[in-house]
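The structure appears below as structure tokens.
Derivation of every value follows stated rules applied to the coordinates shown; laboratory data play no part. Only a predicted model underlies this, so the values are computations on that prediction, with no experimental measurement involved. Backbone-built Cβ (ideal geometry, glycine too); neighbour counts: all protein chains shown.
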Amino acid sequence: MKILKPSRLKIGDNIGVIAPSSSASKIKKINLDLAKKKLESYGFNVIYGKNLFRDTKLGIERTNERLEDFHLMFENKKIKAIIAVIGGYISNQLLPLIDFELIKKNPKIFIGYSDVTILQNAIFTKTGLITFSGPCFANFAQSKPPFNFEEEYFKKVLINGKPDIKVRSSNIWADDEWWKDLGRTRKLKKNFGWRIVKN
């Protein structure tokens, strides 16, 4: 299989935001605005998929809308990277419907984590396109640890793109529901202990 490497991001590029899993309606508007502002501060333009905020019970009825945004972002030559708004639990519904030939003909950065991983694995298996496990769009609303670790590698890998990047493990992590309230005090795990950090 031929491996496809997407081009790295450049200042002025457009980044498309889609919801292949949970809808953006699950995230507070203030957090989405913060995330958009952060990516724009890097020099990028943020383009929302037209169905980004569509939501129905369990998301089952949204399959066609989610798939439409997924395909349109890959098809659009002006979009240089696609980022999932958040994870969730229904990305697998898209698998039998994805046009992998479309993706193969339009290789570009695709980034996300959690439930989005199933799409990343399928894309690589079917097309050879390298995708990226990294922050979802909503993560960019964060301003303090542990996001600074994700931000560092987002820039190193997708913007600077040097071939000799060594990825180290983060010395802190969190498993709280951070997206619900970015202003609250968070508990971060470090060296099997806890410490308090204000965001």
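Points worth noting:
- Other residues whose C-beta falls under 13 angstrom from the C-beta of S133 contribute a net charge of -2, scoring Lys and Arg +1 and Asp and Glu -1.
- Entries in K28/K126; K5/K162; K10/K37 that, when Cα-Cα distance is taken, lie over 25 Å: K28/K126
- Taken about its Cα centre, the range 9-158 carries a charge dipole of roughly 300 debye when the Cβ of each Lys and Arg holds +1 and the Cβ of each Asp and Glu holds -1.
- Applying the criteria of a DSSP loop state and at most 14 other Cβ atoms within 10 Å to the trypsin sites (Lys or Arg not before Pro) of the range 39-115 yields K50, K77, K78.
- Phi angles of the range 2-12 translate, via the Karplus equation with coefficients 6.51, -1.76, 1.60 and θ = phi - 60°, into HN-Hα couplings of 7, 8, 9, 10, x, 5, 6, 6, 10, 4, x Hz per residue; Gly and Pro are given as x.
- Close amide H partners of I47, meaning residues 5 or more places away or on another chain with modelled amide H under 5 Å apart, are I15, G16, V17.
- Peptide ranges 88-97, 27-36 listed from the most packed, as the mean C-beta count within 10 angstrom indicates: 27-36, 88-97
- All other residues whose Cβ lies under 12 angstrom from that of I79 are scored, Lys and Arg at +1 and Asp and Glu at -1, for a net of +1.
- Distance between the range 70-97 and the range 118-151 - C-alpha centres, whole angstrom: 12 Å
- At full extension, L95 and K156 could sit 18.9 nm farther apart than now, given 0.36 nm per residue minus the alpha carbon distance.
- If the chain linking F149 and D33 were pulled fully straight, counting 0.36 nm for each residue of separation and taking away their Cα-Cα distance, it would gain 39.7 nm.
- For S91, neighbours were defined as the other residues whose beta-carbon sits under 10 Å from its Cβ, and their charges (Lys and Arg +1, Asp and Glu -1) total 0.
- Residue separation of S133 and K77 scaled by 0.36 nm, minus their Cα-Cα distance, works out to 17.9 nm of gained length.
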